[in-house]
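The values are calculated or read from the model by the stated rules, or taken from the named source; none is laboratory data. All values derive from a computational prediction rather than experimental measurement. All Cβ positions, even for glycine, are placed from backbone atoms using ideal geometry, and neighbour counts span all protein chains on display.
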Amino acid sequence: MNTDLFSIRMRAANADGHLCGAEQLVPVEQLPGLIVRMAKRAQNHSRGNPETIRISIDAVPAATVHLAQLPDITTVVVADVASGRAAARAELLRAGVSALAADRAIAIVANGAAPGGQAMRGAMLVDADSGERLESDPARGVRVSRMDMSATAADLLGQLLKGSGRDTVHLREALVLAGKVLLAPGIVAELCWSDDPDYTAGYVTSKARGYVRFPHLKERGSSLGGRAFFVRPGTDRAALSAFLQRQPILFEAIGCLHPDEAYCP
Ligand code: AMP
């Protein structure tokens, strides 16, 4: 990388709590347009009207940016939420998460992981063996930022997913976030489904299988969603949080698209 980038983060909230957030890593010339798009996104969110919108911008020196490849994408077709959650649980177990930890995390996300049964602003850290929650603030959790995909990677992904119904902002942002989480020290797997009432899909990621997407992990209309990052017991939480929050990662290549391997780099 020889061009400095800027990390841009948006967070919107109202009296009910967290509404939405977004983070990107872009060259300076994209900042003005992105500030406007992020503000509009905060104002038009299906979870409600924001009372505060915070947009923060930080310079990221080119020399600190790690270049990487996005995880492979597999879609597992499931008929409904019950079969989606059963398939996601099986995927977590396959990644090395204990049944206890998988069941606990699924139940916590389903019931609202923040105090009072709300959606969290960030992700839970979950011990992959005991299922114990490790994040120091259960309302905020850990929020991953300073990651994005390059324009070239985004164009290629867009072309390959065109017409599949999967070429969405949700998928792109989730893939980038999940890709960064997989690179973090101590991570075993991630579980996510959106808190956006209109978006029912979710995923499990692991190093061995990449990003495994399930079209139904929650009922349409529900605003309860969240993320769990499963960590190996004994993981240095300070180092993990520092990586997730501060290490800039730019994905400049995409992975394979399964099941048909329509594309493999
Ligand atoms: P979303 O996929 O944007 O609907 O987010 C679903 C849930 O994932 C949110 O309720 C948060 O708990 C969590 N989340 C969203 N963005 C991040 C992030 N950047 N880092 C960690 N957790 C996040």
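Observations, loosely collected:
- Residue in segment 212-224 that is near the ligand (Cβ under 10 Å from one of its atoms) and either under 22 Å from ALA12 (Cα atoms) or part of a strand (DSSP E or B) (or both) present: yes
- Strands (runs of 3 or more DSSP E) (entirely within segment 1-114) containing at least 3 residues that are under 22 Å from GLN245 (Cα atoms) and over 18 Å from the mean Cα position of the chain (by Cα): 5-14, 52-60
Yes/no matrix, rows are residues, columns are (1) aliphatic (A, V, I, L, M); (2) more than 26 Å from GLY17 (Cβ to Cβ); (3) more than 16 Å from the ligand (Cβ to nearest atom):
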| position | (1), (2), (3) |
| --- | --- |
| ALA68 | yes, yes, yes |
| SER83 | no, yes, yes |
| LEU92 | yes, yes, yes |
| GLY96 | no, yes, yes |
| VAL109 | yes, no, no |
| GLY122 | no, no, no |
| ALA128 | yes, yes, yes |
| LEU134 | yes, no, no |
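- Within segment 7-34, residues that are hydroxyl-bearing (Ser, Thr, Tyr) reach partners that are assigned to a strand (DSSP E or B) with beta carbons closer than 6 Å, at six or more positions or on different chains, in the pairs SER7/LEU25; SER7/ASP58; SER7/VAL60.
- Any hit, segment 16-29, residues being on the phi < 0 side of the Ramachandran plot, of a type outside the set (Lys, Arg), buried (at least 17 other Cβ atoms within 10 Å of the Cβ) and away from the ligand (no atom under 13 Å from the Cβ): yes
- When residues of segment 126-180 are limited to those that are in a loop (DSSP other than H, G, I, E, B) and of a type in the set (A, V, I, L, M), the one modelled with the lowest pLDDT: ALA139
- Taken over segment 169-190, the criterion of being of a type in the set (Val, Ile, Thr) and within 11 Å of the ligand (Cβ to nearest atom) is satisfied by VAL169, VAL176, VAL181.
- Looking only at segment 173-200, and only at residues there that are surrounded by fewer than 20 Cβ atoms within 10 Å (Cβ to Cβ) and touching a Leu at 6+ places or on another chain (Cβ under 7 Å), the one that is nearest to ILE108 (Cα to Cα): GLY186
- Take the conditions (1) more than 12 Å from the ligand (Cβ to nearest atom); (2) aliphatic (A, V, I, L, M); (3) touching a helix residue (DSSP H, G or I) at 6+ places or on another chain (Cβ under 8 Å); LEU100 misses just one of them, which is (3).
- Taken over segment 67-91, the residue count meeting the criterion of being exposed (fewer than 13 other Cβ atoms within 10 Å of the Cβ) and of a type in the set (Asp, Glu) is 1.
- Of ARG220, ARG209, ARG232, ARG227, all but one fail to be modelled with pLDDT of 95 or more, buried (at least 17 other Cβ atoms within 10 Å of the Cβ) and either closer than 14 Å to LEU92 by Cα or in contact with a Pro (Cβ under 8 Å, 6 or more places away or on another chain) (or both); the exception is ARG227.
- Condition check for LEU257: in contact with a strand residue (DSSP E or B) (Cβ under 6 Å, 6 or more places away or on another chain), of a type in the set (A, V, I, L, M) and at pLDDT below 95: yes
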